[in-house]
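Note sheet for the following structure.
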Amino acid sequence: MPFKGICELMIGETSATWMADLSETGLGRVGVVDIGSNSIRLVVYDAPTRLPIPIFNEKTECGLVRGMAKTGRLHPEGVSRALRSLWRFHLLTQSMGIERIALVATAAVREALDGTEFAQQVGQIFGIPVRVISGNEEARLSAVGLLSGYTKADGLIADLGGGSCDFMELNEGSFGLSGSVPLGHVRLKEAAKGSTRNSKMIVAKYLATVPWLTGVENRTLFLAGGSWRALARVFIHDLNYPLHVIDGFTLRTGEANSLSSVIASCGAKINADVLGISMSRYSTLPYSAAVLLGLLHACNPKSIVFAGFGMREGQMLEMLPPRVRSQDPLLAGCARMAERMGRFAITGEEIFDWMSPIFPSTRDDVSRIRMAACILSDIGWSEHPDYRAEHAFLRVLRIPFAGLTHHNRVLLAVIIFVRYKGNAANSVVHPVRSLLSDSDISIAESVGYALRIAHKLSGSAPDLLSTTKFIVDSHSIELVLPKNNMGGGNIFVSEAVKSPLCALASSLNKSLRLS
């Protein structure tokens, strides 16, 4: 069955409007080479989904920006290391069958006296020109990447690299003012001569040149880029936070200020290997924290959100046709995964329509998660039966898709856990239980039971659920089943079906009828 992407969720009588077969977009594998001030990276995506999971991701830390404040030129050793890695990236992209590739260079290359010469060398390796982007363009691409998951983002996105920090104001999903300051974590460390006290003064001086940052007060500060992600890993560890997923990790301003103050003064308190951070990145964490402290003071946001999607994803999205970019990233990603991992041809759309009489017919965040759960509801069929529920729960909890807050991520995972006979009170769920309310747990149980019934009734095969239907009133829930033409009785009734039906009715505080 060809993959169908989801363009727009339509809650009500129909479940979704599905896009045309995305294999007809003419896209296959696309690659982005990000030539940053501190590192270069090749990321390969398997289009045709709106925000596909990278199928290859490799980084080399080169430090092109090191020493540039004194010489005005790219660091010679960094150039040699970068060119060696870029030759490797070129050979890899040829062997991987990349159909389209973008070469993007940022602060160090655009500012260095020999940046143009270096960009020409890189272009000769790949046979295509390097796109050397401005700080404002880097901020715009980061915003495009962020908006792929946070479509109504409101506040400011700050992308911190090795050579610069780039800003874009966001007004409920629309672009506003933008700017760039030379406060990259590598450049700041050199300018401050290793003094965190100096770094705070330098940060304050440059941020004062962007007076419009005060317009972000009481809004959200979104943080994109590897430097912020490294800082998030430290925060997650220090807070003993239950979910080690950076995208969507949210802190109140006071928490972020306290944590950043400690790191800016004396660095992280745990070994870099434990955090999964390179030593060079680890050594600049106090300077990344100093930039964050400065932003918190300048913007006074109500909260900060760490983003797992930024400039590279923005560049990749701009390589896709507009009709692909308009899809819901979560639902499109779930549909692609379901196509690859499902057994039969039953679709999430069919299951969603079937269970719709049970749940409110409003278009909201919960109905979107319910749709995602329907699409992913056969994700664990190939696992060992004794571990099916646990493995499916963990896979969904850590799913690398955009458009999921941590709350929704946990809600979706618990729904799938219950679908596979898991209990929401199980110790597997306990570490992340604090991210859900009691009401959320009730929703997860009801949807999970309904999914379990759907797959028991149909055997996960298509076109059978439509022969049954739910009738729901204020006191009861009735499942109408087809009759056996060979002699009466409900052909779908079995103990395997009755048990989750009773559980579903109980979760809804209704009596159960079968007819």
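The values are calculated or read from the model by the stated rules, or taken from the named source; none is laboratory data. Keep in mind that this is a model prediction, so the values were computed, not measured. No Cβ is skipped: glycine too gets one built from the backbone with ideal geometry, and neighbour counts run over all protein chains shown. The accessibility values were calculated without ligands, DNA or RNA, using every heavy atom of the protein model including side chains. Shrake-Rupley method; radii C 1.70, N 1.55, O 1.52, S 1.80 Å.
From helices alone, the chain scores -13500 deg cm²/dmol at 222 nm; the rule is -39500 (n - 2.57) for each run of n ≥ 4 DSSP H residues, then divide by the residue total.
Relative contact order of the chain, taken over Cα pairs closer than 8 Å and 6 or more residues apart, is 14 percent. Taking the Cα centre of the range 371-447 as reference, the dipole from Cβ charges on Lys and Arg (+1) and Asp and Glu (-1) amounts to some 140 debye. When the range 119-232 is described by a simple charge dipole with +1 on each Lys and Arg Cβ and -1 on each Asp and Glu Cβ, the residue from Leu207, Val132, Ala192 located farthest towards its positive end is Ala192.
How long is the gain from Lys269 to Arg513 if the chain were fully straight, where each residue apart is worth 0.36 nm and the alpha carbon distance is subtracted?
Numbers: separation 244, 0.36 × 244 = 87.84 nm, distance 5.96 nm.
Contour length minus the Cα-Cα distance gives 81.9 nm.
Stretching Glu99 away from Asp154 to a fully extended chain increases their span by 16.3 nm, per 0.36 nm per residue minus the current alpha-carbon distance. Overall, the range 142-202 carries a charge dipole of about 460 debye about its Cα centre when +1 sits on the Cβ of Lys and Arg and -1 on the Cβ of Asp and Glu, all other atoms neutral. Rounded to the nearest Hz, the phi-derived 3J(HN,Hα) couplings of the range 415-424 under the Karplus curve 6.51 cos²θ - 1.76 cosθ + 1.60 (θ = phi - 60°) are 4, 5, 4, 5, 3, 9, 6, x, 10, 4, where x marks glycine and proline. In this simple spin-label approximation, Phe344 and Asn198 carry label points 7 Å from Cα along the Cα→Cβ vector, and these lie 7.0 nm apart.
Computed from the Cα positions only, the extents of the range 327-433 along the three principal axes stand at 32, 30, 28 Å, in decreasing order. Across the alpha-carbon atoms of the range 102-192, the computed radius of gyration and Dmax are 14.6, 41 angstrom.
Label-to-label distance for Asn426 and Ser174 is 4.7 nm, based on points extended 7 Å past Cα in the beta-carbon direction. Cross-link list Lys59/Lys152; Lys205/Lys269; Lys421/Lys469; Lys59/Lys193; Lys70/Lys189: which exceed 20 angstrom alpha carbon to alpha carbon? Check vs 20 Å cut-off fails for Lys59/Lys152; Lys205/Lys269; Lys421/Lys469; Lys59/Lys193.
Between Ser442, Ser288, Thr151, the Cα set farthest toward the positive side of the dipole of the chain (charges on each charged residue's Cβ, about the Cα centre) is that of Ser288. The stretch between Gln121 and Val262, if pulled fully straight at 0.36 nm per residue, gains 46.5 nm over its current Cα-Cα span. Between Ala392, Pro500, Pro357, the Cα set farthest toward the positive side of the dipole of the chain (charges on each charged residue's Cβ, about the Cα centre) is that of Ala392. Accessible surface ranking for Thr284, Thr362, Thr347, Thr209, 1.4 angstrom probe, highest first: Thr209, Thr362, Thr347, Thr284. Note on Cys502 and Thr467: with the Förster distance fixed at 30 Å, the Cβ-Cβ geometry gives a FRET efficiency of about 0.90.
With r defined as the distance between the Cβ atoms of Leu394 and Glu58 and R0 fixed at 30 Å, what FRET efficiency is calculated, to the nearest 0.05? Mind dumping the intermediate values first?
On the way: r = 26 Å, r/R0 = 0.85.
That pair, Leu394 with Glu58, gives E of 0.75.
Given R₀ = 30 Å, FRET efficiency for Asp386-Ser434 by Cβ-Cβ distance, to 0.05?
The formula returns an efficiency of 0.65 here.
Here the chain carries DSSP beta bridges of which approximately 65% are antiparallel, counting only pairs with both residues inside.
When semi-axes √(5λ) of the Cα gyration tensor in Å is calculated directly from the model, which label among [x] 33, 30, 22; [y] 47, 25, 19; [z] 40, 31, 22 fits? Computed from the coordinates, semi-axes √(5λ) of the Cα gyration tensor in Å corresponds to [y].
Place a +1 charge on the Cβ of each Lys and Arg in the chain and a -1 charge on the Cβ of each Asp and Glu, then give the dipole magnitude about the Cα centre in debye, rounded to the nearest 20.
Result for the chain is approximately 1040 debye, rounded to the nearest 20.
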